[in-house]
Amino acid sequence: MAPKKTEPQRQAGADMPADIQVMTFEQALAELDGIVRRLEAGQVDLEESIAIYSRGAELRRHCEAKLRAAEAKVETIVVGPDGSAGVAASDSD
């Protein structure tokens, strides 16, 4: 029996279209909302539906990554002894 091959880990966004990679969360969410509306309306032919559904999946991944990054930043906010808010040093800085 041949040894099992493992796939290399993909870098976040490595296979994501460049135009999506540079979008803000709000831009990606707005485009995703538009795709959902078009699909729900049922006015898109099958081939286009497949294409925009695929793009919607990429936009969703991008939005989720942006949210995870924002959550990580929020988690680093600390309150000092005097009650002032600051940012804790993180390994990703």
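The values are calculated or read from the model by the stated rules, or taken from the named source; none is laboratory data. As the structure is a prediction and not an experimental result, all values here were calculated from the model. Note that we place each Cβ from the backbone using ideal geometry, even for glycine, and neighbour counts take in every protein chain shown. Please note that ligands, DNA and RNA were not included when accessible areas were found on the heavy atoms of the full protein model with its side chains. Shrake-Rupley method; radii C 1.70, N 1.55, O 1.52, S 1.80 Å.
Overview of values
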read-out: Search result, residues across the stretch 16-33 that are in a helix (DSSP H, G or I) and touching a residue at least 12 places away in the same chain (Cβ under 8 Å); value: ILE20, GLN21, PHE25, ALA28, LEU29, GLU31, LEU32
read-out: The stretch 34-45, subset part of a helix (DSSP H, G or I) and either aromatic (Phe, Trp, Tyr) or open to solvent by less than 70 Å² (accessible area, probe 1.4 Å) (or both), residue farthest from ALA57 (Cα to Cα); value: ALA41
read-out: Check on LEU29, at pLDDT 75 or above, among the hydrophobic types (A, V, I, L, M, F, W, C), open to solvent by 70 Å² or more (accessible area, probe 1.4 Å) and more than 22 Å from the chain's Cα centre (by Cα); value: no
read-out: Residue within the stretch 77-90 that is assigned to a strand (DSSP E or B), open to solvent by less than 60 Å² (accessible area, probe 1.4 Å) and modelled with pLDDT under 95 present; value: yes
read-out: Members of the stretch 55-75 found to be of a type in the set (D, E, K, R), open to solvent by 80 Å² or more (accessible area, probe 1.4 Å) and free of Cβ contacts under 8 Å to residues at least 24 places away in the same chain, listed by number; value: ARG68, GLU71, LYS73, GLU75
